[in-house]
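The values are calculated or read from the model by the stated rules, or taken from the named source; none is laboratory data. Just so it is clear, the structure is predicted and the values come from calculations on it, not from any experiment. Cβ: placed from backbone, ideal geometry, glycine included. Neighbour counts: every protein chain shown. Heads up: the accessible areas ignore ligands, DNA and RNA and are worked out on the full protein's heavy atoms, side chains in. Shrake-Rupley method; radii C 1.70, N 1.55, O 1.52, S 1.80 Å.
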Amino acid sequence: MCSETGSRCTGMLLLALATAAIIANLLLYFPNGQVLEPAKITDLVWFFHGFLGAGLLVRMRLPYLLQLKGIPKHPSSHRAMLFPVLLATQGTAGALYCVVISSLGLLSGPFCDTGNGNYTYPFRNNTLDYLFNQPAWAACQEPEQIVLWNVVLFSILLGIGVVEAVLCLSQVISGLCDIFCGTCVRKGQPDCFFSFPLALPLTRTQTHDSQMRDV
């Protein structure tokens, strides 16, 4: 959708999603609300997929969506219209980065104490089987409820990343259509399928037909 209202709604939704991603990433540093040593925290948390990927890289696109005033659709504005498209591409990459790291987080499981202070990844070689076998979660003794904590937060980040990737990609496609196809037609403006800076000259037949209609 090329309308300014649709873009602003997309911007508000992305703002909420990016904020939620940052909060979810922050909670991963405090398993079950506990403060642990950095060495006892799941390693994939340090990839900042919620802070950087689904958070900051996506938020950099928001000013152009929330403050959209209507960019004139003529050839001289094509370069100005390209910059928001690049930011939307950056947001798509950040969201996909969040999807990848969150998926790996679910695959590897949490870093936890399996007994006698032995911290390891008890589910790293079990693919996703442990997600559907809750009795096996007892293998993690400390921190308490660490498996549920990780599964819920990584799943939230995975879902946020997917939605953000779809929204940012739609903005990339919409922006490219604005530049090359002239699909965003403002009220009172003639429709144009291509907005290239050079116009083709009329042929002699077209000129003659035009003069005959004027007569």
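Checked against the criterion of being on the phi < 0 side of the Ramachandran plot and open to solvent by 20 Å² or more (accessible area, probe 1.4 Å), the candidates Leu158, Leu153 yield just one match: Leu158. Being part of a helix (DSSP H, G or I) and not basic (Lys, Arg) is a property that Glu144 lacks.
In the set (1) assigned to a loop (DSSP other than H, G, I, E, B); (2) closer than 22 Å to Ala20 by Cβ; (3) among the polar types (S, T, N, Q), Asn125 fails one condition alone, (2). Residue pairs whose Cβ atoms lie under 6 Å apart, sitting 6 or more positions apart in sequence or on different chains, and linking a residue in region 99-117 that is farther than 12 Å from Leu158 by Cα to a partner that is open to solvent by 20 Å² or more (accessible area, probe 1.4 Å) and small (Gly, Ala, Ser), are Thr114/Ala139. Before we move on, is Gly105 modelled with pLDDT of 90 or more and either open to solvent by less than 20 Å² (accessible area, probe 1.4 Å) or at positive phi (or both)? So Gly105 fits the description; yes.
For region 128-142: of the residues being in contact (Cβ under 8 Å) with a residue 12 or more places away in the chain and more than 31 Å from the chain's Cα centre (by Cα), which is least open to solvent (accessible area, probe 1.4 Å)?
Let us first name the residues in region 128-142 that are in contact (Cβ under 8 Å) with a residue 12 or more places away in the chain, namely 128, 130-131, 136, 139-142.
Still in the running and more than 31 Å from the chain's Cα centre (by Cα): 136, 139-142.
Details: Ala136: 31, Ala139: 41, Cys140: 16, Gln141: 105, Glu142: 72 Å².
It comes out as Cys140.
Going by what's in this entry, would Gly117 be described as at pLDDT below 95 and either within 30 Å of Cys177 (Cα to Cα) or under 11 Å from the mean Cα position of the chain (by Cα) (or both)? Reasoning before the result, please.
Values: at pLDDT below 95: yes; either within 30 Å of Cys177 (Cα to Cα) or under 11 Å from the mean Cα position of the chain (by Cα) (or both): no.
When the stated conditions are applied, Gly117 does not pass them.
Residues that are in contact with a Cys (Cβ under 7 Å, 6 or more places away or on another chain) and of a type outside the set (Val, Ile, Thr) do occur in region 148-164.
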